[in-house]
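*Asks:* Below you'll find the structure I mean.
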C-alpha cells in the first residue's frame, strides 16, 4: 500500500503528460504539419519544399518515376505548356493543374546542354518549351480528337497504343525566344497541321515564297543546338525533338500512364 507522500509524487508526472498532450494538440491545430515528397534525381536536393497539396497528381507521379522538372535544374529555360492552356489545336486545357516540363534526367541534361550551345551562339536567346513528358491518357485525348484517317493522324500524333516518346519523358516540343522575350518567327505556329510545318518541305517552301529564308534559318538554329546535344527532329513538326528511338525508350524508361 502506498503512503500519502507516494501518491502525491505520482500525480505530478500524470499532470505533466496531460499538459504536454494539450500543448501538442493546440500547436498542431495552429500550425498544420507540412508534408514533403522526395525530390527527383539530379535536382541537387533530397526534398521538395512544397506541401503535397500544392502539387498536381500528375506531377507527383512523374516525381515518383524519377523525372525532373527542367526549370529545377536550369531556370534560364523558359516554359509555356500549351496543353495546360487553350492555345493548342484542341482549343482546350487538357492538362489541368499540371503545367510543368518534366523529362527523364538524362534527357533533361541534354536539353540543358542545348541551352548552353544556344547561349554560346546568341547570348540573349533562350529555349522555350511547349511540351515535355505527357501521360498516355492525355495522348489518347490528342489522338481521338484528330478527325482523320489513322495513317494521317500518325503525321501529327502517335497512336497511344504504341506510345509517343512524350509518354516516356524522352521528347520535347520547343522554340526559341530572343533577348526581348519574343519568340523567333518559325513560319507557322506550334501545333500547325500541314506542309508549312514540315522541315522536309522547307527548300520547296522557300522556292515558292511560302517561307522566308529567315524563318527557315531560325528553324535551322533550333535544329543545330538540339542536334549538337543529342536530339533528332521529325519531318512533320519543326518543334518536335526526340532524345532516342521508341525501342530505346521502352528499354530504358517506364511509360507514364
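*Asks:* Within segment 116-138, track down each residue that is more than 17 Å from residue 57 (Cβ to Cβ) and either at pLDDT below 90 or not in a loop (DSSP other than H, G, I, E, B) (or both).
*Replies:* 116, 117, 118, 119, 120, 121, 126, 127, 128, 129, 130, 131
*Asks:* Test residue 214 against the criterion of being free of Cβ contacts under 8 Å to residues at least 24 places away in the same chain and farther than 27 Å from residue 90 by Cα, and give yes or no. Steps first, answer last, please.
*Replies:* Working: free of Cβ contacts under 8 Å to residues at least 24 places away in the same chain: no; farther than 27 Å from residue 90 by Cα: yes.
The answer is no for residue 214.
*Asks:* Would you please name the residue that is surrounded by the most Cβ atoms within 10 Å (Cβ to Cβ), looking only at residues in segment 190-199 that are within 11 Å of residue 239 (Cβ to Cβ) and touching a helix residue (DSSP H, G or I) at 6+ places or on another chain (Cβ under 9 Å)? Walk me through it before giving the result.
*Replies:* Kept after step one, since they are within 11 Å of residue 239 (Cβ to Cβ), are these residues of segment 190-199: 190-192, 197, 199.
Next, only the ones that are touching a helix residue (DSSP H, G or I) at 6+ places or on another chain (Cβ under 9 Å) stay: 190-191, 199.
Values: 190: 22, 191: 19, 199: 20.
Ranking the qualifying residues of segment 190-199, first place goes to 190.
*Asks:* Another question, if that's okay. For the structure I just gave you, tell me whether residue 193 is at pLDDT below 95 and out of contact with any strand residue (DSSP E or B) (no Cβ under 9 Å at 6 or more places or on another chain).
*Replies:* Details: at pLDDT below 95: yes; out of contact with any strand residue (DSSP E or B) (no Cβ under 9 Å at 6 or more places or on another chain): yes.
So residue 193 fits the description; yes.
*Asks:* For segment 86-94, state whether one or more residues are at pLDDT 95 or above and more than 20 Å from residue 249 (Cα to Cα). Walk me through it before giving the result.
*Replies:* Within segment 86-94, the first condition is being at pLDDT 95 or above, and the residues that meet it are none.
No.
*Asks:* Filter segment 165-183 down to residues that are in contact with a strand residue (DSSP E or B) (Cβ under 7 Å, 6 or more places away or on another chain) and assigned to a loop (DSSP other than H, G, I, E, B) and give me whichever is surrounded by the most Cβ atoms within 10 Å (Cβ to Cβ). Give the steps one after another, and end with the answer.
*Replies:* From segment 165-183, those in contact with a strand residue (DSSP E or B) (Cβ under 7 Å, 6 or more places away or on another chain) are 165-166, 169-177, 183; that's our starting set.
Then keep just the ones that are assigned to a loop (DSSP other than H, G, I, E, B); that gives 169-170.
On the way: 169: 29, 170: 27.
Among those that are in contact with a strand residue (DSSP E or B) (Cβ under 7 Å, 6 or more places away or on another chain) and assigned to a loop (DSSP other than H, G, I, E, B), it is 169.
*Asks:* Scan segment 120-163 for residues that are surrounded by 14 or more Cβ atoms within 10 Å (Cβ to Cβ), under 28 Å from residue 228 (Cβ atoms) and over 23 Å from the mean Cα position of the chain (by Cα) and jot them down.
*Replies:* 122 - this is the single residue of segment 120-163 that is surrounded by 14 or more Cβ atoms within 10 Å (Cβ to Cβ), under 28 Å from residue 228 (Cβ atoms) and over 23 Å from the mean Cα position of the chain (by Cα).
*Asks:* If the Cβ limit is 6 Å and pairs must be 6+ apart or interchain, which residue in segment 231-243 that is farther than 20 Å from residue 113 by Cβ pairs with which residue that is at pLDDT below 95 and surrounded by fewer than 24 Cβ atoms within 10 Å (Cβ to Cβ)?
*Replies:* Short answer, once both residue conditions are applied: 236/155.
*Asks:* Working only within segment 229-246, note down all residues that are out of contact with any helix residue (DSSP H, G or I) (no Cβ under 6 Å at 6 or more places or on another chain) and modelled with pLDDT under 95.
*Replies:* Result: 234, 236, 246.
*Asks:* Right, something else. Looking only at segment 82-108, how many residues end up being touching a strand residue (DSSP E or B) at 6+ places or on another chain (Cβ under 6 Å) and either assigned to a loop (DSSP other than H, G, I, E, B) or without any contact (Cβ under 8 Å) to a residue 40 or more places away in the chain (or both)?
*Replies:* Summing the residues that are touching a strand residue (DSSP E or B) at 6+ places or on another chain (Cβ under 6 Å) and either assigned to a loop (DSSP other than H, G, I, E, B) or without any contact (Cβ under 8 Å) to a residue 40 or more places away in the chain (or both) in segment 82-108 gives 2.
*Asks:* What number of residues within segment 202-223 satisfy the criterion of being surrounded by 13 or more Cβ atoms within 10 Å (Cβ to Cβ) and either outside the structural domain of residue 183 (by TED's automatic domain parsing) or outside any helix (DSSP H, G or I) (or both)?
*Replies:* Here the count works out to 3.
*Asks:* Now for a different question. Would you mind finding the one in 186, 226 that is assigned to a loop (DSSP other than H, G, I, E, B), touching a strand residue (DSSP E or B) at 6+ places or on another chain (Cβ under 8 Å) and either assigned by TED's automatic domain parsing to the domain that holds residue 110 or at pLDDT below 95 (or both)?
*Replies:* Result of the check over 186, 226: 186.
The values are calculated or read from the model by the stated rules, or taken from the named source; none is laboratory data. Source: prediction; values computed, not measured. Here the Cβ is made from the backbone with ideal geometry for all residues, glycine too, and neighbour counts use every protein chain on show.
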